[in-house]
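As structure tokens, the structure follows; a few thoughts come after it.
The values are calculated or read from the model by the stated rules, or taken from the named source; none is laboratory data. Values in this document were obtained by computation on a predicted structure and should not be read as measured data. Note that we place each Cβ from the backbone using ideal geometry, even for glycine, and neighbour counts take in every protein chain shown.
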Amino acid sequence: MTRRVVITGMGAVSPNGVGNQEFGDAIVHRITHFDPSEIPVQVAGEVRDFDELAWVEKRERKHVSRVLPLALAAASQAFSDAGIDPASLPLERKRRFGVILGSGGGAQEFTEEQYRLFFHQQYRQMSLFCVPTGVMGTLSSDVSIRFGLRGPSHVITTGCTSSTDAMGYSLRQIQSGRLDMVLTGGADAPIALGIVKGFILMKILTDSWNHAPEKASRPFSADRDGFVLAEGAWMFVLEEYEHARRRGATMLAEICGYGSTCEAFHRVRLKECGEEPARAIALAMTEAGIDARDVNYVNLHGTSTKLNDRIETQALKLALGEHAARVPMSALKSQIGHPQGACGAAGVAATLVAMRRQQVPPTINLETPDPECALDYVPDVGRNVSIEHAICNCIAFGSKNSALVLRNVA
């Protein structure tokens, strides 16, 4: 019999608030991480009022990426929410407690700064740990070390589906009996000059809303012209159902399905047909044992690019059939921007809030309906909805598609 897997803790360090309680209303800001005056894109979803030195000692800060304190803060919240003190766990339980995180760029902004110092011959200012910190897998290692967890310590990096896939791999580890608990989710901190310039070259960031940052991210609106780059960390404690029940844990939701596919089509573009994103959703639904009529809410990838939003709409129509028009769906990126590899975890966090409050979040800035994106995106104002099953969908560069199904266990 396959072991059931539930979420018992959540932590959010988001552009719209640091802390689970604050993870509500969203704000997108003008960039402050660097001077954006020389580039056309000047808005980003930054995490404001966040004290990095509360999580990393001052003498260590130059040796780590911003992504680490973001991840540590969200992880600490998730442990507290789950009622777990990792330091007090016996050794055998620590060995069955994994850390499996998703990140698209990891410490990429740190590496960019190290190259800047190198090419300006400022060698003494470079970090002694410029190589190990720049290695993607170090993120989970640093988190494992901080909390003393001895299980597998992995980083899944599959572009924008990274944290969705990390949660999927965590699901499999617990289902198979290899682990009892996993700290999982996503963290990314990609707001750096070189990274922003790279996205500008690809012409996929919006440069139309520097005067009104809060309106810049516009998923599914006909006047959308690109996404808003963002940062943040969203972490969860996953554990086997009976394990959680025995310790009296509050169960936020059950992860009951995961599906992942690859179109094998293009490094960046999506196929217009939407077949493989739809198949990832269908695989997750099949594992969960549900059909389209059981789906009460969909948290969309919704990047605010012309191509993604149109094709994701088509994928949902394929996956849910005629029921697609009756399911409320929303794009969290309209409120926080696009935190790259952490976006799937952000969507799961929003869905957990929706399940608990029985109110789905809106897609804001949807001011001009696009006839090619004709589904119920819950525009502007949240809606009271009783959610039994929800789909969390993600699409990534490299033709990747991943989806999770959450079941309400309240």
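I'd like the residue in the stretch 144-162 that is within 14 Å of Asn401 (Cβ to Cβ) and of a type in the set (Gly, Ala, Ser) and, out of all such residues, is farthest from the chain's Cα centre (by Cα).
Only one residue fits best here, namely Gly159.
Would you mind telling me which numbered condition in (1) closer than 30 Å to Glu22 by Cβ; (2) not in a strand (DSSP E or B) Val298 fails?
(2)
Any idea how many residues of the stretch 372-392 are among the hydrophobic types (A, V, I, L, M, F, W, C) and free of Cβ contacts under 8 Å to residues at least 24 places away in the same chain?
1
Among the numbered criteria (1) part of a helix (DSSP H, G or I); (2) out of contact with any helix residue (DSSP H, G or I) (no Cβ under 9 Å at 6 or more places or on another chain), which single criterion is violated by Gln121?
(1)
Within the stretch 176-214, track down each residue that is charged (D, E, K, R), modelled with pLDDT of 95 or more and in a helix (DSSP H, G or I).
If the condition is that a residue be charged (D, E, K, R), modelled with pLDDT of 95 or more and in a helix (DSSP H, G or I), then Lys197 is the only one that fits.
Can you tell me which residues in the stretch 249-305 are hydroxyl-bearing (Ser, Thr, Tyr) and either in contact (Cβ under 8 Å) with a residue 40 or more places away in the chain or buried (at least 22 other Cβ atoms within 10 Å of the Cβ) (or both)?
Residues satisfying the conditions are Thr250, Tyr258, Ser260, Thr261, Tyr297, Thr303, Ser304, Thr305.
Looking only at the stretch 87-144, filter to residues that are surrounded by 15 or more Cβ atoms within 10 Å (Cβ to Cβ) and acidic (Asp, Glu); which one of those is nearest to Val348 (Cα to Cα)?
Per the criteria, the residue is Asp142.
Hey, could you check the stretch 372-410 for residues that are assigned to a strand (DSSP E or B) and small (Gly, Ala, Ser) and say which is surrounded by the fewest Cβ atoms within 10 Å (Cβ to Cβ)?
Filtering the stretch 372-410 down to residues assigned to a strand (DSSP E or B) leaves 379, 383-384, 389-396, 400-407.
So of that shortlist, the ones also small (Gly, Ala, Ser) come out as 390, 396, 402-403.
Values: Ala390: 28, Ala396: 24, Ser402: 33, Ala403: 32.
So the residue we want is Ala396.
Which of (1) basic (Lys, Arg); (2) in contact with a helix residue (DSSP H, G or I) (Cβ under 7 Å, 6 or more places away or on another chain); (3) crowded, with 21+ Cβ neighbours inside 10 Å is the odd one out, the single condition Lys317 does not satisfy?
(3)
Hey, can you tell me all the residues within the stretch 71-115 that are free of Cβ contacts under 8 Å to residues at least 40 places away in the same chain and either under 20 Å from Gly168 (Cβ atoms) or among the charged types (D, E, K, R) (or both)?
Selection gives Asp85, Glu92.
Criterion first (assigned by TED's automatic domain parsing to the domain that holds Ala187, more than 19 Å from the chain's Cα centre (by Cα), modelled with pLDDT of 95 or more and small (Gly, Ala, Ser)) does Gly104 satisfy it? Can you show your working first?
Numbers: assigned by TED's automatic domain parsing to the domain that holds Ala187: yes; more than 19 Å from the chain's Cα centre (by Cα): no; modelled with pLDDT of 95 or more: yes; small (Gly, Ala, Ser): yes.
No.
Whether any residue in the stretch 326-342 is in a loop (DSSP other than H, G, I, E, B) and farther than 23 Å from Ile7 by Cβ is what I want to check. Give the steps one after another, and end with the answer.
Going residue by residue through the stretch 326-342, those that are in a loop (DSSP other than H, G, I, E, B) are 327-328, 331-332, 337, 339.
Adding the requirement that they be farther than 23 Å from Ile7 by Cβ leaves 337.
Yes, the conditions are met somewhere in the stretch 326-342.
Going by the structure shown, is Leu139 under 30 Å from Gly302 (Cα atoms), touching a helix residue (DSSP H, G or I) at 6+ places or on another chain (Cβ under 8 Å) and either modelled with pLDDT under 95 or not in a helix (DSSP H, G or I) (or both)?
Considered against the rule, which asks whether it is under 30 Å from Gly302 (Cα atoms), touching a helix residue (DSSP H, G or I) at 6+ places or on another chain (Cβ under 8 Å) and either modelled with pLDDT under 95 or not in a helix (DSSP H, G or I) (or both), Leu139 comes out as no.
Find the residue count for the stretch 198-223, including only residues that are touching a residue at least 40 places away in the same chain (Cβ under 8 Å), surrounded by fewer than 15 Cβ atoms within 10 Å (Cβ to Cβ) and among the basic types (Lys, Arg).
Going through the stretch 198-223 one residue at a time, the tally reaches 0.
Go through the residues of the stretch 160-175 one by one and say whether even a single one is of a type outside the set (Asp, Glu), assigned to a loop (DSSP other than H, G, I, E, B), surrounded by fewer than 22 Cβ atoms within 10 Å (Cβ to Cβ) and assigned by TED's automatic domain parsing to the domain that holds Ser103.
no
Determine if the stretch 224-246 includes at least one residue that is without any contact (Cβ under 8 Å) to a residue 40 or more places away in the chain, over 30 Å from Ala292 (Cα atoms) and either assigned to a strand (DSSP E or B) or not acidic (Asp, Glu) (or both).
Yes; the residues of the stretch 224-246 include at least one that is without any contact (Cβ under 8 Å) to a residue 40 or more places away in the chain, over 30 Å from Ala292 (Cα atoms) and either assigned to a strand (DSSP E or B) or not acidic (Asp, Glu) (or both).
Each row is one residue, and each column tells you yes or no for (1) within 17 Å of Asp188 (Cα to Cα); (2) not charged (D, E, K, R).
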| residue | (1), (2) |
| --- | --- |
| Thr206 | no, yes |
| Trp209 | no, yes |
| Arg218 | no, no |
| Asp225 | no, no |
| Ala233 | yes, yes |
| Arg245 | no, no |
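Would you confirm, using the coordinates I've provided, whether Val353 is over 30 Å from Leu68 (Cβ atoms), at pLDDT below 95 and not in a strand (DSSP E or B)?
For Val353, the condition - over 30 Å from Leu68 (Cβ atoms), at pLDDT below 95 and not in a strand (DSSP E or B) - is not met.
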